[in-house]
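Enquirer: Pasting in a structure now, in structure tokens, and then I'll have a few things to ask.
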Amino acid sequence: MSQRLPEIPSASSIEQLRQRLLAQHPQLEWVGSDDPARLQRLSRDYYDYSPLLRPRFDGCCAQLVLRPTQIEQVMTVAAACATATIPLTCRGSGSGNYGQCVPLAGGVVLDLSGLNQLRRLDPDTGIVEVEAGCLMGELERQLTTQGRALRLMPSTVRSATIGGFIAGGSGGIGSMRWGFLRDAGNLLGLEVVTVEPEPRLLRLDAQGSEALNHAYGTNGIITALRLPSCEAVDWVQLVVGFATWDQALAAAQHLQRTALELNSLNLLEAAVARQMPWPVGCPQAGDEHRLLLLAAPAALATLPGLMRLLGGELLWQQSQNGSTGIPLRELGWNHTTLHWRSHHSDWTYLQLLLPQPEGPCLHALRQRWGDSLLWHIEAVRNQGAPRLACLPLLRWQGAEALERLIADCRELGAFLFNPHVITVEDGGLGVVDADQVAAKALYDPKGLLNPGKLRGWLER
Ligand code: FAD
């Protein structure tokens with residue numbers, strides 16, 4: 001694949017680019033070769049969760065980082081890069097897990113965090129128009145004042161940008177109600193700058209935006225997004241303990257078939273729960289498996305009794321707005337991996353959609369892999385149906401063992417979203433999406449955006 005990447009530009013061509021850009025926009029913020037530590041920092045994300053990605057990305061670095069604060073600056077950068085054939089990689093907050101914002105061919109990293117305004121919240125429809133670099137936590141704060149909320153959020157909601165979430169994320173908190181980002185209805189439109197000598201500023205409708213949704217910024221620079229919002233709820237956080245794994249799993253399965261309003265459900269086996277930092281007031285974990293819920297206040301009339309019937313014990317309850325310390329939503333999704341790895345840096349993880357019923361697959365994997373594989377489960381809605389996803393923690397035993405585990409998971413009927421690969425396709429459904437490639441041909445004809453991350457472009 002590396003032969004197909006653009007060449008790393010010479011230092012002199014980067015310097016010429018910088019001078020040309022600053023002549024046009026003296027206010028444009030930049031970081032150059034005189035600050036290599038910052039260049040390096042702005043060229044990284046959390047790919048070090050994967051021992052396979054580390055050697056692939058460790059040496060990769062931007063030659064120039066630019067931080068526009070106006071659309072005109074983005075257009076000038078796009079024009080200059082297209083004219084001088086300089087690779088251009090977008091960056092939100094750099095909280096991705098697969099090196100999505102790491103520039104494989106040097107060039108410019110475009111830090112979009114300076115484009116961060118909430119442009120409009122339509123009071124009638126709840127539709128939000130927001131600039132791509134807005135931090136999701138800040139967006140959430142502004143929406144709450146109007147009684148609205150984001151449908152979907154990653155557990156990195158405090159640090160991630162909304163543009164980075166759409167371009168690089170997949171789902172998270174809210175996925176048990178609203179499915180995944182790529183489900184129709186979760187993205188209503190995009191404003192996009194093309195990378196051409198004369199860039200265009202396009203306003204794409206929902207259908208036109210789909211090819212840029214989860215494309216790692218390979219086929220357009222997103223400057224603003226239109227998204228649906230939902231009613232804000234003061235979610236109540238609950239932690240329920242179960243003496244046996246089978247009881248805990250059965251409770252998770254049961255809750256997905258009720259009419260209770262839940263925004264997230266995750267299940268941690270006891271060994272994992274013991275390594276989590278719990279919110280202030282929540283007892284530390286012991287031998288019990290823990291079910292973590294975000295429930296609407298109305299669900300509280302039913303939940304405690306139902307949990308008792310299913311063999312659970314309510315260990316702690318507190319509204320999300322009223323609790324201090326770490327919120328429960330920062331113990332799920334890849335935050336579970338983050339907290340676990342802070343104690344065991346030689347562990348990594350996988351991402352699976354479990355077959356139904358889930359028990360036999362989990363049981364067979366436990367038989368084969370023992371305590372080298374620990375369970376962390378998330379409830380999701382997949383293509384409209386309630387399902388359980390699993391982000392198991394895995395003791396690293398080398399690439400061959402990983403391949404064997406992946407084969408075991410597939411043989412048992414699980415669907416894998418591989419977090420140890422670099423392209424959009426290999427981390428997703430495994431197949432080339434012709435629309436993503438066609439959009440790249442239209443909006444980035446020289447193939448300068450985030451080179452090496454869209455396999456369909458490399459293979460065309
Ligand atoms: P970045 O990492 O900066 O970029 C992500 C991708 O988007 C890159 O390919 C980049 O080139 C591209 N991009 C960024 N901005 C633009 C733009 N304006 N135009 C075009 N392309 C752009 N992900 C989830 O989906 N759900 C989770 O619950 C979740 N939990 C996580 C927990 C932890 C502890 C960590 C480390 C990661 C987690 N992630 C999760 C991954 C990541 O946080 C999210 O995908 C996040 O939304 C990325 O946002 P960002 O602003 O950091 O984007």
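Enquirer: Given GLN70, GLN24, GLN3, which one is at pLDDT below 95, among the polar types (S, T, N, Q), more than 21 Å from the chain's Cα centre (by Cα) and open to solvent by 50 Å² or more (accessible area, probe 1.4 Å)?
Expert: Selected residue: GLN3, the only one of GLN70, GLN24, GLN3 that is at pLDDT below 95, among the polar types (S, T, N, Q), more than 21 Å from the chain's Cα centre (by Cα) and open to solvent by 50 Å² or more (accessible area, probe 1.4 Å).
Enquirer: Among the residues of region 10-32, is any farther than 29 Å from TYR349 by Cα, among the basic types (Lys, Arg), in a helix (DSSP H, G or I) and away from the ligand (no atom under 12 Å from the Cβ)?
Expert: Scanning region 10-32 turns up at least one residue that is farther than 29 Å from TYR349 by Cα, among the basic types (Lys, Arg), in a helix (DSSP H, G or I) and away from the ligand (no atom under 12 Å from the Cβ).
Enquirer: So which strands (runs of 3 or more DSSP E) stay within region 343-440 end to end and still have 3 or more residues that are within 22 Å of the chain's Cα centre (by Cα)?
Expert: The strands (runs of 3 or more DSSP E) meeting that bar are 347-349, 376-382, 385-390.
Enquirer: Please state which one of GLU378, GLU425 is acidic (Asp, Glu) and either under 30 Å from GLY106 (Cβ atoms) or open to solvent by 10 Å² or more (accessible area, probe 1.4 Å) (or both).
Expert: None of the other options fit; the residue is GLU425.
Enquirer: From GLU196, GLU191, which residue is within 12 Å of the ligand (Cβ to nearest atom) and either among the aromatic types (Phe, Trp, Tyr) or farther than 30 Å from LEU255 by Cα (or both)?
Expert: GLU191
Enquirer: Quick one: how many residues across region 76-101 are on the phi < 0 side of the Ramachandran plot, over 15 Å from the mean Cα position of the chain (by Cα) and in a loop (DSSP other than H, G, I, E, B)?
Expert: Residues flagged as on the phi < 0 side of the Ramachandran plot, over 15 Å from the mean Cα position of the chain (by Cα) and in a loop (DSSP other than H, G, I, E, B) within region 76-101 amount to 2.
Enquirer: Residues THR324, THR336: which one is surrounded by fewer than 21 Cβ atoms within 10 Å (Cβ to Cβ), assigned by TED's automatic domain parsing to the domain that holds LEU373 and either free of Cβ contacts under 8 Å to residues at least 60 places away in the same chain or in a helix (DSSP H, G or I) (or both)?
Expert: None of the others qualify; the one that does is THR324.
Enquirer: How many of the residues making up region 145-162 are more than 11 Å from the ligand (Cβ to nearest atom) and under 21 Å from LEU331 (Cα atoms)?
Expert: Count: 3.
Enquirer: Starting from residues that are touching a residue at least 60 places away in the same chain (Cβ under 8 Å) and either among the polar types (S, T, N, Q) or away from the ligand (no atom under 11 Å from the Cβ) (or both), keep the ones in region 115-124 and report whichever is surrounded by the fewest Cβ atoms within 10 Å (Cβ to Cβ).
Expert: Step by step, filter region 115-124, then rank; the result is ARG119.
Enquirer: Which of the following residues is out of contact with any helix residue (DSSP H, G or I) (no Cβ under 7 Å at 6 or more places or on another chain) and more than 24 Å from THR156 (Cα to Cα): GLN27, GLN117, GLN40, GLN63?
Expert: Going through GLN27, GLN117, GLN40, GLN63 in turn, the sole match is GLN27.
Enquirer: Report yes if GLY106 is within 14 Å of the ligand (Cβ to nearest atom) and touching a residue at least 60 places away in the same chain (Cβ under 8 Å), otherwise no.
Expert: no
Enquirer: Examine region 443-458 for a residue that is open to solvent by 10 Å² or more (accessible area, probe 1.4 Å), farther than 21 Å from GLY208 by Cα and of a type in the set (D, E, K, R), and state whether such a residue exists.
Expert: No; the residues of region 443-458 include none that is open to solvent by 10 Å² or more (accessible area, probe 1.4 Å), farther than 21 Å from GLY208 by Cα and of a type in the set (D, E, K, R).
Enquirer: From SER95, SER43, which residue is hydroxyl-bearing (Ser, Thr, Tyr), more than 10 Å from the ligand (Cβ to nearest atom), under 22 Å from ASP426 (Cα atoms) and not assigned by TED's automatic domain parsing to the domain that holds LEU402?
Expert: Exactly one residue qualifies, and that residue is SER43.
Enquirer: Run MET176 past the list (1) within 11 Å of the ligand (Cβ to nearest atom); (2) surrounded by 23 or more Cβ atoms within 10 Å (Cβ to Cβ) and report the number of the one that doesn't hold.
Expert: Of everything listed in (1) within 11 Å of the ligand (Cβ to nearest atom); (2) surrounded by 23 or more Cβ atoms within 10 Å (Cβ to Cβ), MET176 misses just condition (1).
Enquirer: Within region 276-321, which residues are assigned to a helix (DSSP H, G or I) and among the aliphatic types (A, V, I, L, M)?
Expert: The answer is ALA298, ALA299, LEU300, ALA301, LEU303, LEU306, MET307, LEU309.
Enquirer: Going through region 263-317 one residue at a time, which ones are more than 30 Å from the chain's Cα centre (by Cα) and of a type in the set (S, T, N, Q)?
Expert: THR302
Enquirer: Of the residues in region 163-185, how many are farther than 21 Å from LEU331 by Cβ and part of a loop (DSSP other than H, G, I, E, B)?
Expert: 6
Yes or no, residue by residue, for (1) in contact with a Lys or Arg (Cβ under 8 Å, 6 or more places away or on another chain); (2) open to solvent by 10 Å² or more (accessible area, probe 1.4 Å); (3) acidic (Asp, Glu):
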site	(1), (2), (3)
GLY185	no, yes, no
LEU188	yes, yes, no
VAL195	yes, no, no
LEU201	no, yes, no
LEU204	no, yes, no
GLN207	no, yes, no
HIS214	yes, yes, no
ILE222	no, yes, no
ARG226	no, yes, no
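Enquirer: Looking at this structure, is ALA62 within 16 Å of the ligand (Cβ to nearest atom) and in contact with an Asp or Glu (Cβ under 9 Å, 6 or more places away or on another chain)?
Expert: No; evaluated as a whole, the condition is false for this residue.
The values are calculated or read from the model by the stated rules, or taken from the named source; none is laboratory data. None of the values given here were measured: they were computed from a predicted structure. Using ideal geometry, Cβ is built from the backbone for each residue, glycine included, and neighbour counts are taken over all protein chains shown. Note: areas computed on protein heavy atoms with side chains; ligands, DNA, RNA excluded. Shrake-Rupley method; radii C 1.70, N 1.55, O 1.52, S 1.80 Å.
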